[in-house]
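Contents: one structure, followed by commentary.
What follows is calculated from the coordinates using simple rules that are stated; it is not laboratory data. Bear in mind the structure is a predicted one, so any value in this text is a computation, not a measurement. Note: ideal-geometry Cβ built from the backbone for every residue, glycine included; neighbour counts use all protein chains shown.
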Amino acid sequence: MSVEIKNLSHTYSEGSPFEFRALKDISITIENGSFIGIIGHTGSGKSTLIQHLNGLLTPTSGTVLVDGKDIFETKKSELIQLRHHVGLVFQYPEHQLFEETVQKDVGFGPKNQGLSEDEIDQRVRQSIKMVGLDFDAIKDKSPFELSGGQMRRVAIAGVLAMEPSVLILDEPTAGLDPRGREEILAQIKSLHTQKQITVVLVSHSMEDIGKMVDKILVINEGEVVFFDTPNRVFTEISTLESIGLAVPQVTYLMRRLKEKYPEIREDIFTVEAAKKEILKVIRG
Amino acid sequence: MLKDVTIGQYYPTGSVIHKLDPRTKILFTTAFVVMLFFLNNLWGYLATFLILATITLLSKIPVGYIIRGIKGLVLIIMLTVVLNLFMTPGTTIATLGPLSVTLEGLKVATYMALRLIFLVVGTSIMTLTTSPIDLTDGMEWCMRFIPFVRRYAHELAMMMSIALRFIPTLMEETERIMKAQKARGANFETGSIISRAKNLIPILIPLFISAFRRADELATAMEARCYRGGENRTRMKQLAFEFRDHASLVLMVMMIVGLYLTTMINIPLGFPI
């Protein structure tokens, strides 16, 4: 599914002294099957933006087209249908768990979709496996007796079980240990390659964004600063730094190396690519 | 939806009313509310209206914002008006099927409606112009004059400020959880009452869990900073009456006397009885 955002603006508490313009005239297109990263300073409007993509927030002006269809022109029931296709994993999704067992909780989404018992069961098994948990060991446990990392996975599984064609994740690795981060990101990546779904990932980690996405959307104070490939975005170091962001650490390293070895490339943002380039220059 | 609730909200404008000592405002509001129940003719209501209008203008809060606060009470006001209009015995001035409107009923209904509106507007001006922290500080001071309650004044005030502090947090949390469950296909807008009530479970359980967690964390944080309420506790911000407070208290006495005097006016205004 492609998602087209057209002149989108959103103002919170319009007309009160707490009025806040969170988004200002945003226009971008997310192609079908692409992997988009969104970066921006805290309060830049990232979370507000993604909540428009499945109609949880209504824009002050502008609109969103999903597969060419204006989602704010449709009926309420269609909007609910839309949410089956555009899955949104909120920040700290473990705070939304409520059922008695993990199996029931993950099955909440598919049940709302009106699927049959068999199909729900199958989807629950699949999505729990997808997030790297053992279905038989965990299905009858209460979600509240799990560890933080496991709860996070169960909550993500709850959205995956709806089999969305667009998956939006708001900082899915915030507050996890390094291993948990790696695993969850790897699972998202493999989900993207296996099922060809469109993924939108909001993150504060330039490293994660740099190595995973096709295109980066940089927003600052509700406005688009860049929407381009990591290659191009990460060369704009001074602009990124001026809005409180940074480039991956390895890019800084490459810049310093360039002072000594002028032939080295500096548009590098993953450790693997850096290793290759350094070896090439040393041997070369 | 939840954002439309204006009662109890703070609306900063930095006006002279905002700068008044919270104790002054609490006393003034109490006197105002008590006086409302003494009024017995339209002269009194007219005077009250003028007092309220002056205070509202001084507070610089948009009138529309205050009126929005009354909207939630329209139902209660309407109910009071209708009941009083038809249920009061007296001289009939109009009939509507088996029901009859009496002159006395019309009078009582008008007074009741005005009283309710003035009550809500008067008290909401206090909360709109006083930050929750100031308000509880003022309450704590006022509670020292009530026997029995006096001993627990600090604890009660602390409980009140924590409760006030958590209203917006819990509202935000509710909205977030609602959105998260909506994103999983939950439907809160349509269906029968029973199915809607059932749909609340996915909101209420996470909300309770988070409220307990927050309470627990706050208690730990307070303990970690050696909080001990009550005796010998000093404050960083001391309340102090200033000239404007003294002036307001003089005005308050004048208001009480003035409104009391209106009850003795015998010149009819509006109702011939």
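Of the trypsin sites (Lys or Arg not before Pro) found in segment B:123-222, those in coil by DSSP whose Cβ has at most 16 other Cβ atoms within 10 Å are B:Arg144. Mean residue ellipticity at 222 nm, helices only, chain A: -12000 deg cm²/dmol; runs of at least 4 DSSP H residues each add -39,500 (n - 2.57), and the sum is divided by the number of residues. Here the sum of -39500 (n - 2.57) over DSSP H runs of 4 or more residues, divided by the residues of chain B, equals -22000 deg cm²/dmol at 222 nm, to the nearest 500. Distance from the alpha carbon centroid of segment A:10-33 to that of segment B:46-104 works out to 40 angstrom. Any idea how far the Cα center of segment B:222-244 sits from the one of segment B:121-191, in Å? Spelled out, the Cα-based centre of one part sits 20 Å from the other. Residue by residue along B:85-97, Cβ atoms of other protein chains within 10 Å of the local Cβ number 0 on average. About the centre of its Cα atoms, chain B shows a dipole size close to 460 debye [charges on the beta carbon of Lys, Arg (+1) and Asp, Glu (-1) only; nearest 20 debye].
Look at where the Cα atoms of segment A:242-284 and of segment A:60-110 average out, and the two centres are 40 Å apart. The phi torsions of segment A:220-226, fed into the Karplus equation with coefficients 6.51, -1.76 and 1.60 and a -60° offset, translate into couplings of 9, 6, x, 10, 6, 9, 9 Hz, rounded to whole numbers, with Gly and Pro shown as x.
Nearest 20 debye, what's the magnitude of the dipole of segment A:220-284 about its Cα centre given +1 on Lys and Arg Cβ and -1 on Asp and Glu Cβ? Kindly include the intermediate steps, with their values, before the conclusion.
Working: 10 positive and 11 negative charges, 121 e Å.
Approximately 580 debye in magnitude.
The lysines within cross-link reach of A:Lys260, meaning a Cα-to-Cα straight distance under 16 Å and a gap of 8 or more places when in the same chain, are A:Lys280.
Listed by chain and number, the aspartates and glutamates whose C-alpha is less than 16 Å from the C-alpha of B:Lys25, apart from same-chain residues fewer than 8 away, are B:Asp134, B:Asp137, B:Glu140, B:Glu242, B:Asp245.
Peptide B:181-194 shows a mean partner chain C-beta count of 6 within 10 Å per residue C-beta.
Partner aspartates and glutamates whose Cα lies under 20 Å from the Cα of A:Lys275, excluding those fewer than 8 positions away in the same chain, are identified as A:Glu182, A:Glu207, A:Asp208, A:Glu259, A:Glu263, A:Glu266, A:Asp267. Ordering B:Leu96, B:Leu239, B:Leu39 by the number of other Cβ atoms within 10 Å of each residue's own Cβ, fewest first, gives B:Leu96, B:Leu239, B:Leu39. Computed about its Cα centre, the charge dipole of segment B:150-239 is approximately 160 debye, with only Lys, Arg, Asp and Glu carrying charge at their Cβ. Summing +1 for each Lys or Arg and -1 for each Asp or Glu among the other residues whose beta-carbon sits under 12 angstrom from that of B:Ser210 gives -2. Among the residues of A:89-96, the average count of other protein chain beta-carbon atoms within 10 Å of the residue beta-carbon is 5.
Ordered by the count of other Cβ atoms within 10 Å of each Cβ, fewest first, A:Val271, A:Val199, B:Val121, B:Val253 give B:Val253, A:Val271, B:Val121, A:Val199. Which of the chymotrypsin sites (Phe, Trp or Tyr not before Pro) across segment B:133-180 are loop residues per DSSP, with 10 or fewer other Cβ within 10 Å? Those that pass, being in a loop and sparsely packed, are B:Phe145, B:Phe148.
Applying both filters, DSSP loop and at most 14 other Cβ atoms within 10 Å, to the trypsin sites (Lys or Arg not before Pro) of segment A:55-99 gives A:Lys75. From least to most packed, judged by other beta carbons within 10 angstrom and beginning with the fewest, B:Leu128, A:Leu133, B:Leu218 follow the order B:Leu218, A:Leu133, B:Leu128.
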